[in-house]
């Protein structure tokens, strides 16, 4: 992974070229953060949803191009955006083969983690990207490929740092807290930053960083 100072320089250059100055503010865990995956079928369903394929292909709008997906090259994870359902189906097949090799038992060893990545932008800049869609006020941000990958890197680094910080973890079980600390995690089966579904909570915008863990 590139040093963060280099990542930040890339972001500054992309802003100068026209990317929206959207920045990661912080990440949060909550009682929504962990869902046990209890069977191979459930794992497939979760992957279908995250990849927006099969029964969930109706969620694959134009903004799906903004999502950053984990794929595998050999056993090495690579992170990329996709343009077609074929690419996402190929990722599904790769991750499914990988999971099969790891032989999960689905007895408390496979979990989906959902972390909220909150983004920030000055009010002055935010007003520039406000528009009305189907009668509702929303925002449209212009983000280059390099800028989106840099945002993902910031989210990933923040998630790793959280494992070593003394953060409040109300409503989580001991098993879930262990996953926050990455103490029980054996492998990362899959990960995605869902920038196609940015939400608002009390006026703050966030996207979900979703990770499937195989625990020891």
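The values are calculated or read from the model by the stated rules, or taken from the named source; none is laboratory data. Predicted model only: the values in this text are computed from it and were never measured. Cβ sites come from the backbone with ideal geometry, for glycine too, and all protein chains shown count toward neighbours.
The table below lists the values:
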read-out: Extreme residue, surrounded by the fewest Cβ atoms within 10 Å (Cβ to Cβ), among residues of the stretch 17-33 that are over 14 Å from the mean Cα position of the chain (by Cα) and farther than 24 Å from residue 130 by Cα; value: 31
read-out: Unmet criterion (only one of (1) in contact (Cβ under 8 Å) with a residue 24 or more places away in the chain; (2) in contact with a helix residue (DSSP H, G or I) (Cβ under 8 Å, 6 or more places away or on another chain); (3) part of a helix (DSSP H, G or I)) for residue 21; value: (3)
read-out: Subset of the stretch 43-63 [in contact with a strand residue (DSSP E or B) (Cβ under 9 Å, 6 or more places away or on another chain) and in contact (Cβ under 8 Å) with a residue 24 or more places away in the chain]; value: 43, 46, 47, 50, 51, 52, 59, 60, 61, 63
read-out: Number of the condition not met by residue 132 [criteria: (1) touching a strand residue (DSSP E or B) at 6+ places or on another chain (Cβ under 9 Å); (2) more than 17 Å from residue 34 (Cα to Cα); (3) surrounded by 11 or more Cβ atoms within 10 Å (Cβ to Cβ)]; value: (3)
read-out: Flag if residue 16 is under 22 Å from residue 196 (Cβ atoms) and modelled with pLDDT of 95 or more; value: no
read-out: Complete set of residues in the stretch 71-103 that are farther than 19 Å from residue 40 by Cα and out of contact with any helix residue (DSSP H, G or I) (no Cβ under 7 Å at 6 or more places or on another chain); value: 73, 74, 75, 76, 77, 78, 80, 84, 86, 87
read-out: Index of the failed condition, residue 66 passing every other in (1) under 20 Å from residue 186 (Cα atoms); (2) touching a residue at least 24 places away in the same chain (Cβ under 8 Å); value: (1)
read-out: Number of the exception - residue 47 against (1) part of a helix (DSSP H, G or I); (2) more than 19 Å from residue 104 (Cβ to Cβ); (3) under 17 Å from the mean Cα position of the chain (by Cα); value: (2)
read-out: Selected residue [surrounded by fewer than 16 Cβ atoms within 10 Å (Cβ to Cβ), touching a helix residue (DSSP H, G or I) at 6+ places or on another chain (Cβ under 8 Å) and within 25 Å of residue 175 (Cα to Cα)] from 111, 106; value: 106
